[in-house]
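The values are calculated or read from the model by the stated rules, or taken from the named source; none is laboratory data. What you see is a predicted model; the values in this text were computed from it and never measured. All Cβ positions, even for glycine, are placed from backbone atoms using ideal geometry, and neighbour counts span all protein chains on display.
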Amino acid sequence: MMKGVSMIALAICTLLFITLTWQFGLLGFFAASGWSLVTVLLQNYDKALQISSYLLSFFSSFSNWAERRTVTHSLQGTINLSAAKINSESAGLLPHTVKVEIVRPMDREAFIRDGEMVVCMEASRNQARNLARATLLFVSEDLVRDSRRFIDRTIMQACDFAIARKMLMAEHRIDAITCLNDEFLNAETERDQNLRSYVLAMDEMDSHGTLTRILLREFSELGAKLSPKLSDRQAEHESKTFADKVALLARKQPGVDVDPTHEGQIFRIAIMPIARAELTSISPHLKYAHKCYSRKIPILYILARGQINIVQSKAVLAEIEFRRIYRKIKEWDYLEVVSGVAMPSYIAVCTIVTSLIHPSCQPMTY
């Protein structure tokens with residue numbers, strides 16, 4: 001959608017540039033250039049913040065105002081750009097943009113104001129440390145914000161660290177990741193011995209594309225499902241067992257069987273990987289889908305890696321939709337890095353069809 005808006009803006013700017021230059025000559029040329037510049041800045045506001053922070057840094061040594069703006073512009077631009085990448089994988093995981101305000105150390109906090117997540121923090125001359133702290137503070141308040149109270153504390157904290165690390169890696173800020181690990185993660189793992197293993201599990205999920213598209217997507221819907229409750233012990237318990245299930249699938253070795261269903265009271269979800277070993281027929285996949293349907297499992301994910309498996313997965317999906325047992329509500333085509341090689345991957349999420357099934361589409365007999 002954003003790409004479409006950018007193309008429309010580019011077309012308008014081009015038309016305006018030609019029209020004003022033709023009508024008013026040099027004056028029109030400068031007017032169109034100014035308008036085009038404003039449009040580009042508005043379309044790329046966060047990138048403009050990053051550039052402005054670089055320019056302001058030349059004055060930061062003799063101006064406190066410039067020094068503070070250098071820090072805040074750099075942090076806001078970097079965090080918002082990387083947060084947008086997270087949301088492109090699964091919409092609404094980080095629902096707010098960030099606004100950074102420099103305060104005294106004892107006033108550090110984060111809160112919502114005018115639709116923005118305001119992060120208040122003290123400034124350091126170490127930019128990597130600033131970025132690590134601001135990113136983690138932002139994520140720990142905004143990630144699946146309406147659902148956090150229903151998720152196991154260790155699991156939620158591991159998600160925070162995994163997403164913060166992912167955001168910093170997207171901006172190639174290894175220095176900030178080092179600060180995040182040294183100053184925050186190591187301290188937290190001393191208090192909770194299970195945290196590090198879960199962060200590593202989240203990293204494993206992310207390498208397969210399932211952290212944002214499956215685990216956090218399901219977490220993000222808890223708020224709407226369970227509100228106005230303030231907490232739910234069953235949801236907390238199942239958030240852990242479901243995270244364990246997704247981690248187990250991410251670490252699955254070829255030839256090792258893993259039950260891909262999670263049949264809880266809150267999380268009733270099935271995950272169907274399309275394996276190359278079953279290329280000869282899609283019948284096993286259809287049988288599994290009908291089994292999930294008969295058990296009234298409301299959500300089915302279809303996963304595939306590699307072009308051949310993706311073709312097969314889409315054939316399975318088409319047949320499932322034809323039989324009207326599940327219907328697709330979202331799909332992702334993306335690249336997954338396997339042993340240093342980018343491999344096409346695919347995930348589709350389907351919801352159960354609750355209407356009566358037409359006789360011509362009844363489940364096949366095996």
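Structure above, values below:
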| quantity | calculated |
| --- | --- |
| Conditions (1) of a type outside the set (Val, Ile, Thr); (2) surrounded by 14 or more Cβ atoms within 10 Å (Cβ to Cβ); (3) modelled with pLDDT of 95 or more; number of the one not met by Arg233 | (2) |
| Subset of the range 306-336 (residues that are over 14 Å from Thr351 (Cβ atoms) and charged (D, E, K, R)) | Lys314, Glu319, Arg323, Asp333, Glu336 |
| Qualifying positions in the range 333-360 - at pLDDT below 90, part of a loop (DSSP other than H, G, I, E, B) and either loosely packed, with under 11 Cβ neighbours inside 10 Å or touching a strand residue (DSSP E or B) at 6+ places or on another chain (Cβ under 8 Å) (or both) | Ser339, Gly340, Thr354, Ser355, Leu356, His358 |
| Filter result for the condition that a residue is among the charged types (D, E, K, R), under 13 Å from Arg149 (Cα atoms) and not in a helix (DSSP H, G or I), over Lys229, Lys252, Lys225 | Lys229 |
| Lone qualifier among Thr154, Thr135, Thr210 - being of a type in the set (Val, Ile, Thr) and more than 16 Å from the chain's Cα centre (by Cα) | Thr154 |
| Pair list, Cβ under 8 Å, 6 or more apart: the range 255-268 residue without any contact (Cβ under 8 Å) to a residue 40 or more places away in the chain, other residue small (Gly, Ala, Ser) and surrounded by 16 or more Cβ atoms within 10 Å (Cβ to Cβ) | Pro260/Ala270; Thr261/Ala270; His262/Ala270 |
| Set Ala91, Ala83: member being buried (at least 23 other Cβ atoms within 10 Å of the Cβ) and at pLDDT 80 or above | Ala83 |
| Subset of the range 143-173 that is within 18 Å of Glu188 (Cα to Cα) and acidic (Asp, Glu) - its residue that is surrounded by the fewest Cβ atoms within 10 Å (Cβ to Cβ) | Asp152 |
